[in-house]
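The values are calculated or read from the model by the stated rules, or taken from the named source; none is laboratory data. As the structure is a prediction and not an experimental result, all values here were calculated from the model. A quick note on method: Cβ atoms are made from the backbone with ideal geometry, for glycine too, and the neighbour counts reach across all protein chains shown.
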Amino acid sequence: MTGQRADARRNYARILAVAEAEVAAHGAEASLEQIARTAGVGSATVRRHFPNRRALLEAVFSNRIDALCARAADLVDADDPRTALLDWLGSLTTYATSARGMADALLQDATDDADHLNVCSARLGGAVDPLLHRAARAGAVAAEVTTADLISLVTGLALATEHHPDPAAEANRLLALTVRGISPHM
C-alpha cells in the first residue's frame, strides 16, 4: 500500500473494516457487493484492492492474526504465565467464534490457499509458543500440550458453537471446561 494515494489507502482501510464485520455476520460467503455498498465504494474499487474473495478473506484474517500475535506479545511477560496463556486462548476463542469462516479456513489443508493458511497458523504458533512454554515451565499446563493442540481445540470449539445463539459465550464456557483437563490448577 506504500505509494498509494491517500484516498486509496482510506478506501482500502474502510473496505477491510466493513469486510471484517460482514464476514463476522455472514461468514466467508459474505457478499462482496454488500461490502462495497456499506463501505461506500463501487464494486470495482473492492476488486481493485482485492481481486477475488480469497484475497479479501486473507486480508481480513491476516489483520486479526496480527492483533492476536500482538496480544500474545503483550502477555509474554505477565506475572502469571497460566493466566496469560488462558487470556490469549480466550482472545483467540472470542475471535474464532466471531469471524465465521476463520475456523473453516484454519481446518483446510489441501486447497490452493493452504500456503497462506499455513503461514497464518505458523504466525499464531510463533506468537503463542512463548506463552505456552512459560506456562509449561511453571507447571500450569501439561508438558505434552502443543500450540497446534490449542489452536485445534479453539477451532473445534468455534465450529461446534457456530450455530449457538451466543457462540462466543458458549465456546468460552466449553474452553473453561476443557482447561480443567489441560491445566493441573484451576
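All conditions in (1) over 17 Å from Thr97 (Cβ atoms); (2) at pLDDT below 85 hold for Arg64, with the sole exception of (1). Of all residues in the stretch 40-56, none are in contact with a helix residue (DSSP H, G or I) (Cβ under 9 Å, 6 or more places away or on another chain), within 30 Å of Leu177 (Cβ to Cβ) and modelled with pLDDT of 85 or more. Residue count for the stretch 54-86, restricted to those that are crowded, with 17+ Cβ neighbours inside 10 Å and among the charged types (D, E, K, R): 4. Could you list, in sequence order, the residues of the stretch 71-103 that are of a type in the set (D, E, K, R) and either touching a Lys or Arg at 6+ places or on another chain (Cβ under 7 Å) or in a helix (DSSP H, G or I) (or both)? Result: Arg71, Asp74, Arg82, Asp87.
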